[in-house]
1. Can you sort 54, 156 so the residue with the fewest Cβ neighbours within 10 Å comes first?
2. Ranked by Cβ crowding within 10 angstrom, fewest neighbours first, how are 29, 155 ordered?
Amino acid sequence: MGINETTAEENIEVKGEDGAFFDPEIIDHSEELELGGDVWIAYSVTNTGDAQGTQDVNLIVEIEEVNIKEEVTLEENLTLEPEENRTNEYSYDTSEIEEKYGQNIVEVETEAEVTVETEDASDSETSTITSPGLIPGFTFILLMIGVTLAVMIYHTKNR
């Protein structure tokens, strides 16, 4: 057959200074949540290098639309042997975002990029955050308009 057409970049793994390479992966996450709830993630970190190593594992939650970028240390000084894997989960509370952005908004839907990062690599997913918060009194006004229109239509049809 023909020559293998994969690029050299696909086959090269850059190892850290100590020969370790910590490769994070988001296994599962909250795809949708309501503002004020928790962004839940399940992640794994595998040392795909050829030596033992120690690194921090960080979570970055970024919402560009409202200029929020939070970083949380998920695991400090995680030590893994070659080919060893660590799986864990974490919940990030979005209440602070609700306080800054969710008040007096008719309807909000925004994207949050959730990233698990080591010194060597990162993996990202997107969660959709929604807020069906209504302006006080807005629901009553809509209800009154709806009832008024229904009465008008009823009277028009029955003439």
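What follows draws every value from the coordinates through simple rules; no lab data is involved. Worth saying up front: this structure is predicted, and the values here are computed from it rather than measured. Neighbour counts run over all protein chains shown; Cβ positions are idealised from the backbone, glycine included.
1. By the 10 Å Cβ count, ascending: 156, 54.
2. Placing the least packed residue first, the sequence is 155, 29.
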